[in-house]
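Below is one structure, written out as structure tokens, with a few remarks after it.
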Number of protein chains: 2
Amino acid sequence: MALRFITAEEAAEFVHHNDNVGFSGFTPAGNPKVVPAAIAKRAIAAHEKGNPFKIGMFTGASTGARLDGVLAQADAVKFRTPYQSNKDLRNLINNGSTSYFDLHLSTLAQDLRYGFYGKVDVAIIEVADVTEDGKILPTTGVGILPTICRLADRIIVELNDKHPKEIMGMHDLCEPLDPPARRELPVYTPSDRIGKPYVQVDPAKIVGVVRTSEPNDESDFAPLDPVTQAIGDNVAAFLVSEMKAGRIPKDFLPLQSGVGNVANAVLGALGDNPDIPAFNMYTEVIQDAVIALMKKGRIKFASGCSLSVSRSVIQDIYANLDFFKDKILLRPQEYSNNPEIVRRLGVITINTALEADIFGNINSTHVSGTRMMNGIGGSGDFTRNSYVSIFTTPSVMKDGKISSFVPMVAHHDHSEHSVKVIISEWGVADLRGKNPRERAHEIIDKCVHPDYRPLLRQYLELGVKGQTPQNLDCCFAFHQELAKSGDMRNVRWEDYMK
Amino acid sequence: MALRFITAEEAAEFVHHNDNVGFSGFTPAGNPKVVPAAIAKRAIAAHEKGNPFKIGMFTGASTGARLDGVLAQADAVKFRTPYQSNKDLRNLINNGSTSYFDLHLSTLAQDLRYGFYGKVDVAIIEVADVTEDGKILPTTGVGILPTICRLADRIIVELNDKHPKEIMGMHDLCEPLDPPARRELPVYTPSDRIGKPYVQVDPAKIVGVVRTSEPNDESDFAPLDPVTQAIGDNVAAFLVSEMKAGRIPKDFLPLQSGVGNVANAVLGALGDNPDIPAFNMYTEVIQDAVIALMKKGRIKFASGCSLSVSRSVIQDIYANLDFFKDKILLRPQEYSNNPEIVRRLGVITINTALEADIFGNINSTHVSGTRMMNGIGGSGDFTRNSYVSIFTTPSVMKDGKISSFVPMVAHHDHSEHSVKVIISEWGVADLRGKNPRERAHEIIDKCVHPDYRPLLRQYLELGVKGQTPQNLDCCFAFHQELAKSGDMRNVRWEDYMK
């Protein structure tokens with residue numbers, strides 16, 4: 001069957017009000033970039049005529065401005081899952097215009113197959129190649145691509161010539177069977193391949209192919225500063241001490257590292273540390289720092305769901321495909337984040353906390369317990385199943401007015417049962433084998449900014465009995481004081497005790 | 001090497017102050033029953049002389065009065081993990097005399113192998129048989145038996161003649177390799193066997209065998225009442241509706257069910273429902289209700305970690321081993337609760353909430369956020385990896401003075417990301433695909449006791465903006481009011497707003 005090449009505007013005609021639409025990609029990498037703008041135009045035109053036009057959106061994770069951004073600006077998003085990071089979309093979510101439910105990223109594809117969130121009407125995917133018989137070669141972000149292509153009635157393809165066809169072989173693409181027929185996911189080392197280098201779709205479902213030439217959005221990372229550098233150094237020192245104590249094997253274990261500046265600092269510090277051998281990544285997002293360490297021989301292999309690097313780095317990779325092709329593997333998030341594989345491989349997981357409490361619970365999602373930041377993303381998939389789980393955070397924000405460590409997190413995303421180590425620029429709190437009071441002292445002594453240590457020690461002495469001395473009268477005093485006076489350091493416990 | 005038969009008192013001499021001791025068993029089933037009392041006597045004697053005597057305790061889960069009870073009464077417990085339910089031990093934990101950290105039960109064995117909690121000095125195990133060459137046949141609760149036997153320096157055996165040697169074949173016993181050498185755990189249906197029917201230990205480590213004739217403690221369940229019966233019926237109706245909608249396969253999926261009265265009621269209702277086919281269990285604790293349904297042909301097979309049944313039921317099983325032997329399999333908790341297997345099999349998980357909040361978070365552990373009840377147990381292992389996760393709770397306790405549904409749970413054990421369905425005697429709240437505000441209305445409308453519905457609806461209208469309208473000034477008003485006036489119904493929001 002010959003492919004039908006169409007314009008973005010023609011493609012958008014296949015998307016209707018109230019459709020549930022699945023998109024390829026994960027972070028700004030690999031999501032479609034021109035059809036969403038055409039859908040947004042349709043929505044705006046409909047709204048101007050007084051007609052409704054909103055779609056439900058399933059994605060891998062966050063996407064770029066040319067997907068979440070344009071559709072949010074057009075107020076064309078009925079619901080959105082499982083993760084986002086776009087400013088305009090976030091505003092819609094927090095003002096209630098868009099319904100958002102954030103999910104563990106490994107579960108979305110299976111939940112869609114199980115039928116928990118309704119039908120997938122349309123899949124819109126970015127590819128490096130597509131054949132007449134329905135072989136799809138994704139670009140740099142896979143996300144939920146195999147599942148939405150199989151479930152959707154109609155597939156719209158963006159064929160992006162910024163990605164050479166020669167990347168064929170850098171993907172490992174498959175879908176597990178559903179229970180009760182599911183078998184093991186036979187990944188035993190990060191480089192094991194268990195699927196095909198392409199996705200086979202029903203060619204009759206491809207309603208059109210739109211040619212594009214659109215690079216991924218740039219990720220903008222702040223340069224390293226002394227705080228992120230110190231966090232990175234503390235993570236490296238902790239892992240070296242675990243190796244020396246015999247608790248991490250001498251050959252090391254695969255690493256998962258979250259996204260952002262702290263993650264880049266951590267990878268840099270691990271790469272620079274002569275006591276840590278060259279290692280593998282079994283992660284979600286492969287960032288610039290991974291590629292730099294690959295070139296130095298410090299990272300041997302990286303498996304992920306997304307190659308989310310800056311434009312100069314992706315050009316470097318494509319110019320040196322011979323070097324990189326056997327060192328990078330991109331998989332659907334159902335595999336990159338899979339609990340079975342993460343636990344089997346013994347992945348060391350490093351994720352960023354938005355806020356931590358002194359008992360070892362983590363808030364990854366909600367500012368002040370109410371306002372959604374991004375979502376839990378893959379941090380739950382990795383943390384719960386890790387060999388050892390680490391959360392990192394600077395001890396304070398906003399010139400010290402906000403402590404990242406509070407008596408009780410205002411939203412709970414990771415519980416004390418799954419959080420083994422917390423690291424700030426001040427040090428390493430090792431929570432393993434400690435009860436809640438011991439954890440609190442460990443965190444206060446090792447991680448909390450000195451300005452907040454006396455306050456948090458006083459909190460433990462307010463007279464509450466029991467396993468966890470949580471005072472429900474004033475466990476949110478830090479948050480309430482911030483709202484009132486703008487500085488958590490102003491807390492006086494007696495003002496909050498009932 | 002000939003086995004050395006000794007007395008409990010002689011056995012206790014092999015246990016020293018500050019030793020870390022691992023015990024077999026899971027619930028009152030399968031834990032040693034006479035050596036702990038002898039250790040407690042040693043501790044009391046030491047204390048009377050002014051000498052310290054406390055041990056660290058690793059178990060499968062809770063144990064009976066003859067293990068946790070006697071050692072707690074002797075104040076002989078330095079630390080305890082991963083789960084407990086004994087009144088005396090709970091008091092020590094909540095008054096700070098005993099250090100307790102509760103863990104996801106599937107992780108303890110691997111954490112011990114990884115060396116996270118120090119050395120295992122002694123293993124004390126109950127067996128149905130032991131041979132001179134070190135073949136160990138556990139009784140009715142496996143727990144962490146294979147791991148502690150391999151890690152410990154010394155093994156003390158209680159050979160309990162209440163369990164016939166003919167149960168050989170009802171266990172599936174093994175340990176996974178540790179990363180990076182771990183392979184798949186090849187369980188594809190609940191009845192798959194992947195290990196041996198016995199545990200091979202180094203016979204040189206067996207310092208003595210104590211003969212006993214001690215039945216397990218009786219579990220005391222209250223009889224069914226209208227509330228638990230209604231919860232059971234609601235669970236059955238929900239699962240039938242999921243089958244009818246095509247979201248659960250027609251052959252059904254394996255079930256995990258927590259421990260207690262509600263779990264018994266749920267199993268009874270499922271067994272009675274003609275629309276639910278005969279099914280399998282892949283669970284933690286096999287209770288009386290499972291055995292009753294097996295005899296009726298309604299449960300085909302049950303895999304678990306513990307056969308925790310009443311004395312009359314265990315006698316029935318042993319008198320009819322031909323019938324039961326190919327229908328029950330007992331495994332270490334590292335397998336019964338393993339995320340890899342639970343997710344692969346697509347287990348439908350049903351656990352009990354201590355407290356739920358209107359946004360779908362669950363408290364399984366802490367009364368009023370401070371006082372430890374039991375621990376998280378296996379609920380996290382199963383819930384997070386389930387096909388669909390269900391939590392059940394009566395809507396109110398203490399004649400309606402306590403609502404099980406509150407604005408914010410006072411301790412978070414399961415987050416909104418993992419909790420899919422909540423069921424009370426009033427109905428079923430289906431949280432899938434709903435944002436936090438929608439979840440709140442669903443829970444209030446379907447599950448909350450009518451006395452509390454207006455109060456909780458008012459809470460949502462206190463004016464808080466954002467994804468989750470959590471008001472940090474009064475999210476614990478229910479708990480504070482209970483402490484103040486003894487009745488959560490007395491909450492007036494204006495009294496709690498700052």
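The values are calculated or read from the model by the stated rules, or taken from the named source; none is laboratory data. Since the model is a prediction, treat every value here as computed from it, not as a measurement. So basically every Cβ, Gly included, is an ideal-geometry build from the backbone, and we count neighbours across all protein chains shown. To get the accessible areas, we keep the full protein, side chains included, count just its heavy atoms, and leave off ligands, DNA and RNA. Shrake-Rupley method; radii C 1.70, N 1.55, O 1.52, S 1.80 Å.
Counting the residues of the range A:456-494 that are more than 14 Å from chain B (Cβ to nearest Cβ) and under 15 Å from A:Phe359 (Cα atoms) gives 3.
Taken as a whole, the condition of being surrounded by fewer than 21 Cβ atoms within 10 Å (Cβ to Cβ) and either under 18 Å from B:Ala61 (Cβ atoms) or in the same structural domain as B:Asp272 (by the TED database) (or both) applies to B:Ala319. Within the range B:100-127, the residues that satisfy the criterion of being more than 21 Å from B:Ser62 (Cβ to Cβ) and either free of Cβ contacts under 8 Å to residues at least 60 places away in the same chain or of a type in the set (Val, Ile, Thr) (or both) are B:Gly115, B:Phe116. Scanning the range B:416-426 turns up at least one residue that is open to solvent by less than 10 Å² (accessible area, probe 1.4 Å), under 24 Å from B:Gly486 (Cα atoms) and in contact with a helix residue (DSSP H, G or I) (Cβ under 8 Å, 6 or more places away or on another chain).
For the range B:118-174, a residue qualifies if it is open to solvent by less than 10 Å² (accessible area, probe 1.4 Å), in contact with a Leu (Cβ under 6 Å, 6 or more places away or on another chain) and of a type in the set (Asp, Glu), and exactly one does: B:Asp172.
Only residues that are more than 14 Å from chain B (Cβ to nearest Cβ), within 30 Å of A:Ser312 (Cα to Cα) and not in a strand (DSSP E or B) were counted across the range A:183-219, and they come to 11.
Evaluating A:Pro52 against the criteria (1) open to solvent by less than 10 Å² (accessible area, probe 1.4 Å); (2) assigned to a loop (DSSP other than H, G, I, E, B) leaves one unmet condition, (1). Restricting the range B:444-463 to residues that are at pLDDT 95 or above and out of contact with any helix residue (DSSP H, G or I) (no Cβ under 8 Å at 6 or more places or on another chain), the residue that is most open to solvent (accessible area, probe 1.4 Å) is B:Glu461.
Given the options A:Pro36, A:Pro32, name the one that is in a loop (DSSP other than H, G, I, E, B) and at pLDDT 95 or above.
Working: A:Pro36 fails: in a loop (DSSP other than H, G, I, E, B).
Only one candidate passes the filter, namely A:Pro32.
In the range A:49-72, the residues that are closer than 18 Å to A:His17 by Cβ reach residues that are open to solvent by 10 Å² or more (accessible area, probe 1.4 Å) and assigned to a helix (DSSP H, G or I) with C-beta atoms within less than 6 angstrom, at least six apart or across chains, in these pairs: A:Phe53/A:Ala46; A:Val70/A:Ala37; A:Ala72/A:Asp88; A:Ala72/A:Leu92. Looking across the range A:385-401 at every residue that is in contact (Cβ under 8 Å) with a residue 60 or more places away in the chain and more than 24 Å from the chain's Cα centre (by Cα), the one that is nearest to the other protein chains (Cβ to nearest Cβ) is identified as A:Lys401.
The number of residues in the range A:84-106 being open to solvent by less than 20 Å² (accessible area, probe 1.4 Å) and part of a helix (DSSP H, G or I) comes to 5. So which residues in the range A:361-376 are open to solvent by less than 10 Å² (accessible area, probe 1.4 Å) and either more than 10 Å from chain B (Cβ to nearest Cβ) or in a strand (DSSP E or B) (or both), if there are any at all? Those that are open to solvent by less than 10 Å² (accessible area, probe 1.4 Å) and either more than 10 Å from chain B (Cβ to nearest Cβ) or in a strand (DSSP E or B) (or both): A:Ile362, A:Asn363, A:His366, A:Met372.
Remark: pairs (first residue in the range A:235-262, within 13 Å of another protein chain (Cβ to nearest Cβ) and over 14 Å from A:Asn351 (Cα atoms); second residue assigned to a loop (DSSP other than H, G, I, E, B) and among the β-branched types (Val, Ile, Thr); Cβ separation under 9 Å; 6+ apart in sequence or on different chains) = A:Glu242/A:Ile248; A:Met243/A:Ile276; A:Phe252/A:Ile276; A:Leu253/A:Val347; A:Pro254/A:Thr189; A:Pro254/A:Thr283; A:Pro254/A:Val347.
What about B:Asp88, is it under 25 Å from B:Thr147 (Cβ atoms) and either at pLDDT below 95 or away from chain A (no Cβ under 14 Å) (or both)? If you could, list the steps in order and put the result at the bottom.
Numbers: under 25 Å from B:Thr147 (Cβ atoms): no; either at pLDDT below 95 or away from chain A (no Cβ under 14 Å) (or both): yes.
No, not satisfied.
Do we find a residue being charged (D, E, K, R) and open to solvent by 70 Å² or more (accessible area, probe 1.4 Å) anywhere in the range A:478-488? Reasoning before the result, please.
Of all residues in the range A:478-488, those charged (D, E, K, R) come to A:481, A:484, A:487.
Pick out the ones that are also open to solvent by 70 Å² or more (accessible area, probe 1.4 Å) and you get A:484.
Yes, some residue in the range A:478-488 is charged (D, E, K, R) and open to solvent by 70 Å² or more (accessible area, probe 1.4 Å).
Residues that are outside any loop (DSSP other than H, G, I, E, B) and touching a Lys or Arg at 6+ places or on another chain (Cβ under 6 Å) within the range A:155-182 comprise A:Ile155, A:Leu159, A:Leu173, listed in sequence order. Among residues of the range A:304-320 that are over 15 Å from A:Ala128 (Cα atoms), those with a beta-carbon under 8 Å from a residue that is surrounded by fewer than 17 Cβ atoms within 10 Å (Cβ to Cβ) and modelled with pLDDT under 95 at least six positions away or on a different chain give the pairs A:Ser310/A:Glu218; A:Arg311/A:Pro215; A:Arg311/A:Glu218.
Being among the aliphatic types (A, V, I, L, M) and not in a loop (DSSP other than H, G, I, E, B) is the filter here; which residues of the range A:424-467 pass it? Even if it seems obvious, please write down each step before you answer.
Quick first cut of the range A:424-467, residues among the aliphatic types (A, V, I, L, M) only: A:428-429, A:431, A:440, A:443-444, A:448, A:455-456, A:460, A:462, A:464.
Within the range A:424-467, A:Val428, A:Ala429, A:Ala440, A:Ile443, A:Ile444, A:Leu455, A:Leu456, A:Leu460 meet the criteria.
Looking only at residues in the range B:107-119 that are out of contact with any Pro (no Cβ under 6 Å at 6 or more places or on another chain) and more than 9 Å from chain A (Cβ to nearest Cβ), the one that is nearest to B:Gly375 (Cα to Cα) is B:Ala109. When B:Ile350 is tested against (1) part of a strand (DSSP E or B); (2) touching an Asp or Glu at 6+ places or on another chain (Cβ under 6 Å), exactly one condition is not met: (2).
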